[in-house]
Amino acid sequence: MSVLAVSHSSISCYDTCPYQYRAKYVTKEVKFTQSAEAKWGDDVHNALEAYGKTGRPLPANMLHYKPYIDAVLARPGEKIFE
């Protein structure tokens, strides 16, 4: 038995059209092409996660996000970044 990974995007795709979901995520008839905007989002997500987990410096073009992560880091308790 295999388990499919689900995300908000895949669930939304299924809600819109189960046939489209099948073609994209099950049979893979439709190849995934990441947009520039989605790549930027992934890059920001990865940079913020690395900064929060390890303190790795943010790239210069993402420094404006630093106060948000610093605010999370300043709060008490365990921090889980993913």
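For segment 47-66, enumerate the residues that are open to solvent by less than 80 Å² (accessible area, probe 1.4 Å) and free of Cβ contacts under 8 Å to residues at least 12 places away in the same chain.
Initial filter on segment 47-66 (open to solvent by less than 80 Å² (accessible area, probe 1.4 Å)): 47-52, 55, 58-59, 62, 65-66.
Across segment 47-66, the qualifying residues are Ala50, Gly55, Leu58.
Taking first residues from segment 6-23 that are open to solvent by 70 Å² or more (accessible area, probe 1.4 Å) and partners that are in a loop (DSSP other than H, G, I, E, B) and among the aliphatic types (A, V, I, L, M), the Cβ contacts under 8 Å between residues at least 6 apart in sequence or on separate chains come to Gln20/Val30.
The values are calculated or read from the model by the stated rules, or taken from the named source; none is laboratory data. Note that the structure is predicted; figures quoted are calculated from it, not measured. Here Cβ is always computed from backbone atoms with ideal geometry, including for glycine, and neighbour counts include all displayed protein chains. With ligands, DNA and RNA removed, areas are computed over all heavy atoms of the protein, side chains included. Shrake-Rupley method; radii C 1.70, N 1.55, O 1.52, S 1.80 Å.
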